[in-house]
Amino acid sequence: MSTDLLRTLRAIAGEPHVLTGHDATPYLTDWRKVATGRALAVVRPGSTGQVREVVRACIAAGAPIVPQGGNTGQVAGATPDPSGRAVVVQLARMNCVRSIDLEDDTIVVEAGCVLQQVQDAARAAGRLFPLSLGAEGTCQIGGNLATNAGGTQVLRYGNARELALGLEVVTADGEVWNGLRALRKDNTGYDLRDLYIGSEGTLGIITAAALKLFPLPVAQRTAFAATRSVGQAVALLARSRSMLGADLTGFELMSACALRLVPAHFPVQRLPLQAQAPWYVLLETSDSESEARARERFDALLSAALDTGEICDAAIAESVAQSNAFWHLRESITLAVAAEGKCAKHDISIPASRMAQFVTETDLLLRQKFPGVRSATFGHLGDGNLHYNILQPAGQPAGEFAAVQAQLSALVHDRVAAAGGSISAEQGIGGLRTADLQRYEDPVKVDLLGRIKRALDPLGLMNPGKLLARE
């Protein structure tokens, strides 16, 4: 049967685009290298029609299907299991910008478009596509939508769900739903778009999307500030919202531990402030009126924050290059954390009112229970999303840290639940957090998720074992 399926797949996509040997290896391990699977084949279709035919062939053969974009996810959501039965559907060849409509401010792109490609296409047309992630040079739009990616500008523009107007999807039974109408209002029944966004490839394969565009800002101001506590950073966030309103586009929090890893592993990068502080904030405003107005309002904000002690020092970018350098520091933290060693990663959201207490108390509990661990915390404070990373003690053998990692993460997630937060803010559930979903989510919600899965994918072939535990 597998030989017949391989023959069919080669007839559909072309022999060079059906990988079964060493050339398939890069697609079988997740970005963090915590999960490696096997696959019957990695198929790289070049069109929606080919995706449809690949899905139909897999259904006929009973082969599991694992959709994959840029493979930059943090929770092994696009990695096949060890059985070797699955077909990985890799969408990189589907990378066309189909259309841009400047009157409607929309762009229609295929799922394999790299995020930066979409940003560049929008900018070339005099528009902004605001989704921005550290992996934007390699992650793909299909994966961004399948995981409902967040990023650094959620505060103003929303996450991937808010940026999508319509989708084209190959369903789990091999049909094509053409929902690419770029309408701002469409009240014709269940919102299928929102159902597929965030479904992590478990209900179908997103092949194209109609996305919102925005006017380019006239001026931007960026600052890198030092603060003495998470509580002061939360107070600064409230002040920034009050004084800047919708012009506040970015508000990132970084612990000193996380930030100092960057120059330690990438010596060409330099911290913009000499003062030592336990926490740092990167904030940015975008103004639609003038450079003078942006400067005046931003300077007034920082002056007030200095007067009240919400920040103790700040550096303001005076050029695009300086602003980019600030953001490059922030976006390099993920790579620096990976280079530092073993890490228990947590993608959590906490109400802003409880953020300071959560971080202070959880840091203390972790140090008491697991002496020597380091909290390399950073994230999007503006929308309550922290990447609460716990590094192994310096010099500790990796095996010793791995032995306590489940216990450590349970402590963190228990405290997240007690604070009314979520164990997954923007990275999804994937194959690594299915047990956590069962443990911490409302059982009625988990039951409803399972019913939706069974209704739309009754054969259970779409990305099995991801998001929901295998039944």
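The values are calculated or read from the model by the stated rules, or taken from the named source; none is laboratory data. The shown structure was predicted, so the numbers you read here are calculated from the model rather than taken from an experiment. All Cβ positions, glycine included, derive from the backbone under ideal geometry; neighbour counts span all protein chains shown.
Descriptive notes on the structure:
- Exclusive hit being surrounded by 21 or more Cβ atoms within 10 Å (Cβ to Cβ), over 24 Å from ALA149 (Cβ atoms) and more than 28 Å from the chain's Cα centre (by Cα), set ALA57, ALA61, ALA11, ALA41: ALA57
- Any hit, region 402-409, residues being within 22 Å of the chain's Cα centre (by Cα) and within 18 Å of GLY151 (Cα to Cα): no
- The condition (being closer than 27 Å to MET254 by Cα, assigned to a loop (DSSP other than H, G, I, E, B) and out of contact with any strand residue (DSSP E or B) (no Cβ under 7 Å at 6 or more places or on another chain)) is satisfied by just one residue among GLY420, GLY465, GLY431: GLY420.
- Matching entry among SER349, SER319 (being in contact with a Gly (Cβ under 8 Å, 6 or more places away or on another chain) and either farther than 18 Å from LEU237 by Cβ or among the polar types (S, T, N, Q) (or both)): SER349
- In this entry, ALA314 is excluded by the filter for residues that are within 21 Å of the chain's Cα centre (by Cα), touching a residue at least 40 places away in the same chain (Cβ under 8 Å) and not in a helix (DSSP H, G or I).
- Search result, residues across region 1-27 that are of a type in the set (S, T, N, Q) and either without any contact (Cβ under 8 Å) to a residue 24 or more places away in the chain or in contact with a strand residue (DSSP E or B) (Cβ under 7 Å, 6 or more places away or on another chain) (or both): THR3, THR20, THR25
- Of all residues in region 441-462, those satisfying the criterion of being surrounded by 18 or more Cβ atoms within 10 Å (Cβ to Cβ) and not in a loop (DSSP other than H, G, I, E, B) are LYS453, LEU456, MET462.
- Only a single item in (1) out of contact with any Pro (no Cβ under 7 Å at 6 or more places or on another chain); (2) within 20 Å of GLN153 (Cα to Cα); (3) surrounded by 13 or more Cβ atoms within 10 Å (Cβ to Cβ) is not met by ALA304, and it is number (2).
- Filtered by the rule that a residue be acidic (Asp, Glu) and either at pLDDT 95 or above or under 29 Å from ARG156 (Cα atoms) (or both), region 365-420 gives ASP383, ASP414.
- Of the set (1) under 25 Å from the mean Cα position of the chain (by Cα); (2) in contact (Cβ under 8 Å) with a residue 24 or more places away in the chain, all apply to THR308 but (1).
- Being under 30 Å from ALA125 (Cα atoms) and assigned by TED's automatic domain parsing to the domain that holds ALA121 is not true of LEU283.
- Taken together, ALA338, ALA294, ALA376 contain a single residue that is buried (at least 21 other Cβ atoms within 10 Å of the Cβ), assigned to a helix (DSSP H, G or I) and in contact (Cβ under 8 Å) with a residue 60 or more places away in the chain, which is ALA294.
- Single match in THR138, THR152 (criterion: in a loop (DSSP other than H, G, I, E, B), in contact with a His (Cβ under 7 Å, 6 or more places away or on another chain), in contact (Cβ under 8 Å) with a residue 12 or more places away in the chain and more than 30 Å from ALA455 (Cα to Cα)): THR152
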